[in-house]
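See below for the structure under consideration.
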Amino acid sequence: MNAGRPSGLRLPWWWIGGAALLLVVTVIAGAMIGPASISPWGIISSTLSRIPFLNVQSSLDTRADDIVWQIRMPRVVLGVLVGSMLSVAGSAYQGVFRNPLADPYLLGAGAGAGLGATLAIAYGPDASGWFIDPLPLAAFLGAIVGVVLAYVLGYTVRSGRTAVTLILAGVAVAAFLTALQTFLQQRESDTLREVYGWILGSLTTAGWSEVRLVLPYVVVCSAVLVAFRRLLDVMSVGDSEASTLGLRPSRVRLLLIGFATLGTAAVVAVSGLIGFVGIIVPHTVRLLTSASYRIIVPLSLLIGGSFLVLADIVARTVQSPAEIPIGVVTALVGAPFFAVVLRRSKAVVS
Amino acid sequence: MTSVSVSSVGVSYGRIEILSQVSLSVGDGRWMGIIGPNGAGKSTLLRAIVGAVPHCGSITLGDTEIGNEDAKSLGRRIAYVPQRPIYPPGMSVFDFVLLGRTPHLGLLAAERAEDIAIVWESLRSLSISGFAERDVASLSGGETQRVSLARVLAQQAPVVVLDEATASLDVAAQHEVLELIAQIQHEQGVTIVSAIHDLTAAAQFCDELTLLDHGRVVAMGSPEAVLDEAILGSVFEPTIRVIEIEGSRVVVSLRSQGSRHGE
Amino acid sequence: MFKRTTLFAIALALVAASCSSSDVAGTTSTSEPATTTFSTTSTSTTTTLPPDDGFPVTVEAANGAVTIDARPERIVSISPTSTEVLFAIGAGEQVIAVDSLSNYPPEAPITELSAWTPSIEAIAEYDPDLVFISFDPGDLIVGLETLGIPVILHGTASSLEDAYAQWEQTGAATGHIAEAVDVVSDTQSRLLDAAESIANEAQGLTYYYEIEDLLYTTTSASFIGQVIALTGLSNIADEAADPDGFGYPQLSQEFIVESDPNLILLANTVYGGQSLETVAARPGWGSISAVTSGAVVELNDDIASRWSPRVVELLDAVVEAVSSLPTADA
């Protein structure tokens, strides 16, 4: 009689289907909408012309074609990658730390990336002729170093290796790195504007090279986090119980934090510190569907991508052709939306 | 078929010694009650047995030293309910009980139909299949104990370690939960080690008792042997009295004569 | 007491006079310095110069009326623009310390003083009799005035007239009013000459001015935008709604490419490391007219971010680029 999971606990198919559809729709909208006035038909014909054997002739001239394929498309794709990665990483952090306020920057990834970026901007060699841009590399390394520092500090605390000591270590490391970053920024004040521009986060200058740079990280890291989503549910009963359920909580935590950090570091390196996404998206999913990470993690992946693409559409159209920093949009649009979801939901967040 | 054997076990946090030279053994299918005053080291002993705190000395399940087992195979052999379990808000009763299947699954594997069936079975045998979809964080004290026991059942471990399963329950609910544990003990043939603060209940349900004080074993044996006025009086307070009602020992603490004068 | 009141009344009268002829202020050199008025867009300036050495003098700077009792001999400038102006008008010898970013002219006595996080104590240690600043991060002015040190705040110029007025105020405050007036008129004529030399070529040409490679730009509302507008070039950013009202919006990349500017002016070459090569390498930028014709002008970041007399050099670079453009075929 009771053969399967209770029906109320099964995620209705239309949630996954709807989230996937939303992603497709936002990507198309992202491709169609922009400050350059290019007709939707032109974009469609140009897209079809790229599919072999269809023999459709693009109705766009070279410049319009460049705008769509060299500027707008990579920006949309990067938005999907960054939004998905930050959301999945955020859901993993919340599960691992059993803390609803955890976001991907909790353990010093943000502060470390900021410091790395500042170092590269202020002291980096002139890299104009280089094959790779040192700025994302420095931000990436900074994010990793920040989290490793927090992790080492948290796990050498004598009172025990718990999630709480790790969070406290993260807070200490983040405060230290941020202070260091602010200090350097003030010393090298001619770089102030560039550093601030980077910290605010931006997809303004995204190109395919940025997409290629982060794609492998996002694919591998989000695949790992989605694959291990069931363990996040086990972790939610606390370390000692999880350990008697056959897990090594500290190892699981290391593994999940490791991949969440790697992915976060990669996207932060190319997009700067886009805030709010990692908190708002997983919580919205949780409030609308279920508290189980088996559902939250994959849905965050799909909805996070859509959310950031939508936020970016707002960022580049509201004051077109001027832009608004995307971090401002994610907070301005995301926070009130989240408040509505929070008020309407029956579920408890504690 | 698993017995539990603890020999010369010590646990310390830094320089503070919580347990020292604790030895006890629990026969297969028996229920061992760990009693003693607050701070005697009962919870620590249980946590050492489930491998959650580092210890010196030896703890074996059957004939395997727990330190030699990986976390997963240990999880298949021993189930544990802490004194104050965490019931994650928003998690359904079903999903919570399903966590008991974790040691039986590969790291990346999803639950099989068999696991789902075992969860339903566990819910039914504790009469809580009706609220499989309820939020675990919204349940009453007695209900959450049943949910935790259902997870223990789903884990299908031959040894069950319970830390004060009835601490916050009223008399009737406490009795009900203890009956359920006894039922699990007899129907599944599991070995139970539980910390229990109610000495009268311990006398009725446990097969054997170990009395701990300041991290050392003070007495061990049948409830009749351990629940002795002289022994308990030395550990708890001298005013303790043991009386017998319908063949079962009842432990009470009388108010001393001196303090009654004030009224 | 009576005397003071009289002086004040005269000052008021001068303010009134300056209001009625505000278009004259700063745009023509005055033969009679004692009655010159100096106005900024936000405040009007009255300088009262007794016949001898001109002091005491009162200038109406952005931070209000500042009275300098005697010719200052220990000036501290923690504004790179003020440093350039002081040296340009011949007050360099009176300058004893400048902030760490004041890298021009080379003979400026550069110190570790920070313009972004100025320390009142560090400034006071030089025992200055006049301090120039370009912004007050908090209580800098109040702090220095408490120590009895006069401070002149000359914030980012909002227009050429504003810059000229600042230069003349600097001249008045340091005893170099005649030189300051000369520098203003010289700058004016050089800018106009440069602009006129390409008046025909610049017709119909557009430019994009890059401050930072996240595509921050400036509109014709800013100081630098007004300078370039003298030539008749039109700024693609003027279409952009200006979010912060200061004329420094961030543009969308696709908008820049679609606008297809004839010139790209880079103000982020020294610190931002941008050049014709880096711009040409940006995705989608290769087809922009400015890139195909090589009309990507590498401006000096420092000059571009200041409002000193060196602005002439900046306009000269733009003029040179325009005149070397292949003759327009369209």
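The values are calculated or read from the model by the stated rules, or taken from the named source; none is laboratory data. Treat the numbers as computed from the prediction; the structure is a model and nothing was measured. In this analysis, Cβ positions are derived from the backbone assuming ideal geometry, glycine residues included, and neighbour counts consider all displayed protein chains. Only protein heavy atoms, including side chains, enter the accessible area calculation; ligands, DNA and RNA are left aside. Shrake-Rupley method; radii C 1.70, N 1.55, O 1.52, S 1.80 Å.
Spatial offset of the stretch C:47-111 relative to the stretch B:40-56 amounts to 77 Å, using the alpha carbon center of each.
Here the Karplus curve 6.51 cos²θ - 1.76 cosθ + 1.60, taken at θ = phi - 60°, turns the phi angles of the stretch B:14-31 into couplings of x, 8, 8, 8, 8, 10, 9, 6, 8, 10, 7, 9, 10, x, 4, x, 9, 10 Hz, with x standing for Gly and Pro. According to the calculation over all Cα-Cα pairs in the protein assembly as shown, the P(r) per 10 Å bin from zero is 2, 10, 15, 16, 14, 12, 10, 8, 7, 4, 2, 0, 0 %. Using a probe radius of 1.4 angstrom, the carbon and sulfur fraction of the accessible surface of chain B is 49%. Distance from the alpha carbon centroid of the stretch C:268-330 to that of the stretch B:81-122 works out to 66 angstrom. Other residues within the sphere of radius under 10 Å centred on the Cβ of residue B:203, judged by their own Cβ, net out at -2 (K and R +1, D and E -1).
Above 21 Å, the calculated P(r) of the stretch B:104-263 contains 57 percent of its Cα-Cα pairs. Within the shell defined by Cβ-Cβ distances under 14 Å, the residues around residue C:290 carry a net charge of -3, with Lys and Arg each +1 and Asp and Glu each -1.
For residue B:31, the amide hydrogen comes within under 5 Å of the amide hydrogens of B:192, B:207, B:208, counting only partners 5 or more places away or on other chains and with H modelled in the peptide plane. In a DSSP loop and with at most 10 other Cβ atoms within 10 Å, the trypsin sites (Lys or Arg not before Pro) in the stretch B:171-263 are B:255. Per-residue ellipticity at 222 nm computed for the protein assembly as shown from its helices equals -15000 deg cm²/dmol, with DSSP H segments shorter than 4 residues left out and the rest contributing -39,500 (n - 2.57). For the stretch C:233-296, the alpha carbon positions stretch 32, 27, 23 Å along the principal axes, listed from largest to smallest. Taking a Cβ cut-off of under 15 Å around residue B:64, the surrounding Lys, Arg, Asp and Glu residues balance to a net charge of -2, with basic ones at +1 and acidic ones at -1.
Close amide H contacts of residue C:61 (hydrogens built in the peptide plane, cut-off under 5 Å, sequence separation of 5 or more or a different chain): C:66. Remark: accessible area buried at the A-C interface is about 2900 Å², both chains counted, probe radius 1.4 Å. Looking at the stretch B:112-263 alone, DSSP beta bridges between its own residues are antiparallel in about 70 percent of cases.
Each 5 Å bin from zero holds the following percent of Cα-Cα pairs in the stretch A:172-320: 2, 8, 12, 18, 17, 16, 13, 7, 4, 2, 1, 0. Residues of the stretch A:314-328 that bury at least 30 Å² of accessible area once all protein chains are present, compared with their chain alone (1.4 Å probe, heavy atoms only, ligands and nucleic acids left out), are A:319, A:321, A:322, A:323. Accessible area per residue for the stretch B:4-260, computed on protein heavy atoms with a 1.4 Å probe, is 42 Å². The trypsin sites (Lys or Arg not before Pro) found in the stretch B:40-148 that occupy coil by DSSP, while having at most 15 further C-beta atoms within 10 Å, are B:112. The share of accessible area on the stretch A:13-344 that comes from carbon and sulfur is 70 percent, using a 1.4 angstrom probe.
With contacts taken as Cα pairs under 8 Å at a separation of at least 6 residues, chain B carries a relative contact order of 25 percent.
For the options A:178, A:244, A:162, a Gaussian network treatment of chain A with springs between C-alpha atoms closer than 10 Å singles out A:244 as fluctuating the most. Normalising the average separation of contacting C-alpha pairs (under 8 angstrom, six or more residues apart) by the number of residues puts the relative contact order of the stretch A:13-344 at 28 percent. Antiparallel beta bridges, as assigned by DSSP with both residues in the protein assembly as shown, represent about 50 percent of the total such bridges. Summed over both chains, the accessible area lost when B and A associate is about 2900 Å², using a 1.4 Å probe. Of all DSSP bridge pairs formed entirely within the stretch B:4-260, close to 60 percent run antiparallel. Scanning chain A for DSSP H helices at least 30 Å long along the axis (C-alpha atoms) with a Kyte-Doolittle mean no lower than 1.0 picks out A:73-97, A:134-155, A:163-187, A:249-271, A:293-317. Among the residues of the stretch B:67-106, those with an accessible-area drop of 50 Å² or more from chain alone to full protein complex, heavy atoms and 1.4 Å probe, are B:71, B:86, B:89, B:95, B:99, B:102.
Taking all protein chains into account, the per residue accessible area for chain A stands at 41 Å² (1.4 Å probe).
When each full DSSP H helix of chain B is screened for a Cα extent of at least 20 Å along its own axis and an average Kyte-Doolittle hydropathy of at least -0.5, the helices passing are B:141-155, B:171-188. Is chain A rounded, prolate or oblate when judged by the Cα gyration tensor, a ≥ b ≥ c being the square roots of its eigenvalues, rounded requiring a/c under 1.5 and prolate requiring a/b larger than b/c? Oblate, because a/c is 1.5 or more while a/b does not exceed b/c. Could you work out what % of the accessible surface of the stretch C:198-323 is carbon and sulfur, using a 1.4 angstrom probe and leaving DNA, RNA and ligands out of the count? Answer for the stretch C:198-323: carbon and sulfur cover 50 percent of the accessible area. Panel note: contact residues of the stretch A:211-228 (accessible area lowered by at least 30 Å² against the chain on its own; 1.4 Å probe) correspond to A:227, A:228. Summarised as an ellipsoid, the stretch C:198-323 has semi-axes of 19, 17, 15 Å, derived from the eigenvalues of the Cα gyration tensor scaled by 5 and square-rooted, with the largest first.
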